[in-house]
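Reviewing the structure listed below.
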């Protein structure tokens, strides 16, 4: 039995609670949140669990095997660093951190203490994405030409990070999984409509070797929820629509013929949590571990710097300075 603590009992934290309770190999020992009302809500349906408003109480329990952090993004680094320093396996919700330096520091800390650091890059555990990865690796689409990923939700707004940190992170992790290459450069444009310096519309563009162009569109202002990816190759196009209840995945030939491939019907969050538990039990490196974390956060920081420099194309070989591609 793997004993787990949860730090952060908001809406997504409750998803983790329900998921962990469905995994026989996992047991929730602690639930922590700074809001007492959130803890009271959890207590109504989940007994036999220790509750606290101070995550440092969990640091003192040597019997805890792993920690899941589902707090606000700017708090991830400090909380994760504290648990990694105590040799706890850590799963951090996306974004793992909000800077390249913080991500690199956590990775080094996990390596130093020989423990697990895993990011909650949910899309890499989605069965449809795994099927897409299989088709691309088999060459079914031919040479990749263009990828467009769109995530939109009306009304949602956060006070600490922009829409790209909230939504685009999902699609960046998906692209890393599907393309498995480094881009040549990253560029981003965005608009802050409702709060100064909090972008609620962002478009990120990346160019990869072999003339592959990838674009990410994310906003909180469109009144239509979208979770869609279109992957175009010179032989076939693949469309993934995660909002649909059925037929989420389509293959479209150049002649217009459409097929609906099947894939395993499992829940992404369940797959992710089972993987975390398995990594703790076997002491294996996680799929969304250090290499995945540093790639995604590097892309995010390049996008952030590009936003601050009027959409400048920033080379992937960036080392913290402004490395502009002509």
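No lab work stands behind these numbers, since they all come straight from the coordinates. Remember, predicted model here, so these are calculated numbers, not experimental data. All Cβ positions, glycine included, derive from the backbone under ideal geometry; neighbour counts span all protein chains shown.
Okay, here's what the table says:
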{"quantity": "Extent along principal axes [Cα atoms of the range 122-203; Å; largest to smallest]", "calculated": "45, 28, 17"}
{"quantity": "If the convex hull is drawn through the Cα atoms of the range 232-326, its volume per residue in Å³", "calculated": "197"}
{"quantity": "Calculated FRET efficiency for the pair residue 148/residue 309, C-beta based, R₀ 25 Å, to 0.05", "calculated": "0.55"}
{"quantity": "The range 184-218-the range 1-75 distance, computed between alpha-carbon centres (Å)", "calculated": "34"}
{"quantity": "Inter-site label distance for residue 37 and residue 53 at 7 Å from Cα along Cβ, in nm", "calculated": "1.3"}
{"quantity": "Percent of alpha-carbon pairs separated by more than 30 Å within the chain", "calculated": "36"}
{"quantity": "Principal-axis tilt of helix 100-112 within the chain, Cα atoms, nearest 10 degrees", "calculated": "50"}
{"quantity": "Share of pairwise Cα separations in the range 150-254, more than 18 Å, in percent", "calculated": "53"}
{"quantity": "Crossing angle, helix 127-137 versus the chain [Cα axis fit, 0-90 degrees, rounded to tens]", "calculated": "40"}
{"quantity": "Segment residue 260-residue 99, length gained on full extension (0.36 nm per residue, minus Cα span)", "calculated": "54.0 nm"}
{"quantity": "Percent of beta bridges antiparallel (DSSP, the chain, rounded to nearest 5)", "calculated": "60"}
{"quantity": "Residue 243-residue 78 pseudo-label distance in nm [points 7 Å out on the Cα-to-Cβ vector]", "calculated": "3.8"}
{"quantity": "Efficiency of FRET from Cβ geometry, residue 184 and residue 11, R₀ 56 Å, rounded to 0.05", "calculated": "0.90"}
{"quantity": "More than 16 angstrom apart: percent of Cα pairs within the range 195-239", "calculated": "55"}
{"quantity": "Degrees separating the helix 268-282 axis from the principal Cα axis of the chain, which is the longest one", "calculated": "60"}
{"quantity": "When the range 1-126 is reduced to its Cα atoms, the Kirkwood hydrodynamic radius in Å", "calculated": "14.6"}
{"quantity": "Zero-based 5 Å bins, Cα pair distances in the range 1-48, whole percents", "calculated": "5, 21, 37, 24, 9, 3"}
